[in-house]
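First comes the structure, then the notes that go with it.
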Amino acid sequence: MGRIILRRLATSVPTIFATTVLVFALRYLLPGGPVQAMLGGGQGGQYTGAQLAALKARLGLNAPVPVQYWHWLVNAAHGDLGTSYYSQAPVTQVIGPRVGPSLELIIGALILSVVVGGGLGVLAAVRRNTRTGRAISLATGLGLSVPDFWLATIAAGVLGLTWQIFPAVGYTPVSQGLLSNLNTVALPIIVLSIVTGSFLARHVNSAMITALESPYIRAAWAMGLPGPKVYLNCALRNAVAPVITFIPLAFAALVGGTVLVENIFAIPGMGTEIVSSVSNEDFPVVQAIVLLVGVLVAVLNLGADVGLALIDPRIRNAASE
Amino acid sequence: MIPDDKMLDEAPVALATATPAGGAGLPWTSLPGRVAGRDRRPSRFGLAGKIGLTVVVLLLLASVAAPLLPLADPLAQTLTLRDAGPSLHHLLGTDLVGRDVLSRTVYGCRSAFEGVAIGVGGMLALGIPWGLAAGFAGGVIDEILMRIADAFLSFPALILAIGVVAALGPSIVHSMLAVGVISAPGVARLLRSAVLPVRRAQFVLIAQSLGVSRMRIAGRHVLPNSMGPVVVQAVAAASYFLIVEAALGFLGLGVPPPSASWGADMAGAYSNFTANPAATIVPGLAITIGAWSLSVVGDGLRNVLLRN
């Protein structure tokens with residue numbers, strides 16, 4: 001078991017390395033490179049050649065690119081992601097307070113997707129070939145193809161602006177009361193979880209159907225085990241694997257979704273920050289958020305693979321061969 | 001699975017006679033295209049797939065022929081007629097500066113499909129050589145190419161696109177190209193696993209023994225017989241790219257105004273949702289219908305091309 005974890009760790013090091021290289025390389029897309037962007041961008045900033053050279057020297061940009069990358073990486077690992085061009089504050093200070101609301105939305109949507117989506121997937125498998133099963137299949141098919149931000153605008157527009165059941169914009173932190181916090185995040189979380197929940201329902205459903213039609217379940221029925229026992233003890237274990245693989249995938253999808261949903265509901269998370277940083281031409285903040293997201297996704301993928309090996313001896317044995 | 005002579009000779013017969021529609025056949029990887037083509041079962045493209053294909057064709061036609069259609073000018077503002085409801089002149093009403101919603105939605109097809117084309121083009125241009133090289137070369141090259149693919153497999157495309165827009169400014173070309181490039185590893189992986197069995201098939205061995213060059217074998221013999229999963233993936237990705245293009249437009253990072261774009265039009269109209277919900281809902285509906293149609297076409301193609 002330890003060997004599997006070690007091997008998987010070894011393969012995720014290159015993944016995280018590649019992510020950091022990609023994010024580091026983004027700054028070389030800036031017209032004129034990072035220095036001109038700092039001095040006022042490609043839009044004809046006023047500066048002299050001497051200022052340019054001085055700034056270059058101060059930022060260590062005269063060093064070879066691999067050396068620059070190494071410095072950037074070491075700094076990032078120490079929590080120094082640079083200084084915001086816009087607010088002149090350290091990037092970590094700009095992003096720090098934004099992480100909480102985004103994570104709340106993402107984790108909330110993950111939990112809701114697993115509970116409702118997973119539950120519907122199991123129900124549709126148990127009631128397959130009945131009206132319930134087909135209705136769930138139709139609903140999840142629809143849920144998969146509705147863009148979340150369209151749903152969010154309609155939800156915020158109809159439920160928030162027109163009927164005023166939920167607040168259409170704004171965010172109350174948990175510190176100001178759990179209920180008022182939930183009141184502001186409920187609608188965004190529900191909207192976010194529709195696509196991921198439908199996706200999970202589909203996968204849990206097919207894993208469950210495969211399990212339910214396999215010989216060992218037939219044997220369980222033949223032995224006269226009661227229904228709940230067959231479903232819960234024997235078949236449901238097979239629904240755990242799709243849930244674990246789902247989490248990093250859904251996280252990556254939800255990160256994209258929160259950018260839009262946060263902007264629609266005006267929630268002060270990383271999604272609103274990244275968009276306003278783009279319009280402020282505050283490149284270090286954008287870069288830091290892209291880096292954070294990329295590394296988080298890689299780490300979650302690692303966690304999911306290890307988790308799968310932990311719960312499923314078939315995967316464990318296949319991996320150690 | 002590596003197909004041997006027996007499988008290639010007998011499989012199609014067995015498929016055509018023994019398995020009813022919807023039954024299990026051989027994994028698609030063991031069936032090069034021509035052999036699968038002999039299967040006479042009715043296609044399972046399905047009703048949804050046909051509806052989706054019709055809608056996609058109509059949307060493509062609309063995006064090409066928009067100027068020929070009897071529509072109002074999508075940029076013409078009638079400031080006396082802001083956020084108006086449906087009328088004979090404006091069938092779906094007007095937006096907050098009095099532009100025709102129907103016309104803008106039809107013209108919005110253009111930037112939507114432009115974004116999709118750039119994304120899919122970038123994805124295939126990188127993914128096909130990548131996967132073909134990995135599957136065909138094998139060994140260390142394969143290992144290296146696939147490890148790089150793994151690294152980028154689950155990078156969130158929208159976030160990268162936003163990063164690229166931050167560096168290069170709002171441009172559908174740059175952002176959608178970035179989305180396509182970051183999606184290329186998926187294509188590379190699929191193509192590689194489709195190439196592996198084909199490159200050991202008899203007709204490839206024959207071509208090799210006739211002294212056909214490696215490049216020609218890869219391009220003319222192996223690639224066409226391994227494209228099935230790539231085609232399916234490209235259509236599925238198109239559905240996703242349509243949503244990403246709209247999302248970028250919605251965030252103000254897509255096509256610059258005043259060009260018609262579904263996402264940007266939605267965002268513009270949303271500030272006035274209570275007065276005129278139609279101007280937000282209609283372009284959003286267009287995104288939904290477009291994305292759904294592409295995804296069911298992808299499902300249909302999967303059923304037809306990759307029976308398993």
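Brief remarks follow.
- The residue of the range B:142-153 that is surrounded by the fewest Cβ atoms within 10 Å (Cβ to Cβ), among those that are in contact with a Phe, Trp or Tyr (Cβ under 9 Å, 6 or more places away or on another chain) and at the interface with chain A (Cβ under 7 Å from one of its Cβ atoms), is B:Ile148.
- Residue check, A:Val275 hydrophobic (A, V, I, L, M, F, W, C), more than 10 Å from chain B (Cβ to nearest Cβ), in a helix (DSSP H, G or I) and over 12 Å from the mean Cα position of the chain (by Cα): no
- Candidates in the range B:267-287 are the residues that are open to solvent by 20 Å² or more (accessible area, probe 1.4 Å) and at the interface with chain A (Cβ under 9 Å from one of its Cβ atoms); of these, the one that is nearest to A:Gly141 (Cα to Cα) is B:Leu285.
- Scanning the range A:116-136 for residues that are assigned to a helix (DSSP H, G or I) and surrounded by fewer than 17 Cβ atoms within 10 Å (Cβ to Cβ) yields A:Gly119, A:Arg131, A:Thr132, A:Arg134, A:Ala135.
Each row is one residue, and each column tells you yes or no for (1) farther than 21 Å from B:Met146 by Cβ; (2) away from chain A (no Cβ under 14 Å); (3) acidic (Asp, Glu).
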site	(1), (2), (3)
B:Met176	yes, yes, no
B:Val179	yes, no, no
B:Val187	no, yes, no
B:Arg192	no, yes, no
B:Leu196	no, yes, no
B:Ala207	yes, yes, no
B:Val212	yes, yes, no
B:Gly219	no, yes, no
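- Boolean, B:Gly127 is of a type in the set (Gly, Ala, Ser), within 25 Å of A:Thr11 (Cβ to Cβ) and either away from every other protein chain (no Cβ under 14 Å) or open to solvent by 20 Å² or more (accessible area, probe 1.4 Å) (or both): yes
- Test: residue in the range B:111-119 that is surrounded by 19 or more Cβ atoms within 10 Å (Cβ to Cβ), of a type in the set (A, V, I, L, M, F, W, C) and modelled with pLDDT under 90: no
- Residues of the range B:222-266 that are over 19 Å from the mean Cα position of the chain (by Cα) and crowded, with 22+ Cβ neighbours inside 10 Å: B:Val222, B:Asn225, B:Phe250, B:Leu251, B:Leu253, B:Val255, B:Ala260, B:Ala264, B:Asp265, B:Met266.
- Whichever residue in the range A:12-70 is of a type in the set (Ser, Thr, Tyr) and outside any helix (DSSP H, G or I) and, among such residues, is modelled with the highest pLDDT: A:Thr48
- Qualifying residue in the range B:192-215 (condition: of a type in the set (D, E, K, R) and surrounded by fewer than 18 Cβ atoms within 10 Å (Cβ to Cβ)): yes
- The residues on offer are A:Leu161, A:Leu73, and the sole one that is under 30 Å from A:Phe199 (Cβ atoms) and either hydroxyl-bearing (Ser, Thr, Tyr) or in a helix (DSSP H, G or I) (or both) is A:Leu161.
- Members of the range A:93-115 found to be under 19 Å from A:Val195 (Cβ atoms) and in contact with a Ser or Thr (Cβ under 7 Å, 6 or more places away or on another chain), listed by number: A:Ser102, A:Leu105, A:Ile106, A:Ala109, A:Leu112, A:Ser113
- Residue tally, condition touching a Ser or Thr at 6+ places or on another chain (Cβ under 7 Å) and closer than 30 Å to A:Arg202 by Cβ, over the range A:136-176: 9
- Out of A:Ile190, A:Ile165, sole residue that is open to solvent by 40 Å² or more (accessible area, probe 1.4 Å) and either within 14 Å of chain B (Cβ to nearest Cβ) or without any contact (Cβ under 8 Å) to a residue 12 or more places away in the chain (or both): A:Ile165
The values are calculated or read from the model by the stated rules, or taken from the named source; none is laboratory data. Please read these numbers as outputs of a predicted model, since none were measured by experiment. All Cβ positions, glycine included, derive from the backbone under ideal geometry; neighbour counts span all protein chains shown. Side chains are part of the model used for accessible areas, which takes the heavy atoms of the whole protein and leaves out ligands, DNA and RNA. Shrake-Rupley method; radii C 1.70, N 1.55, O 1.52, S 1.80 Å.
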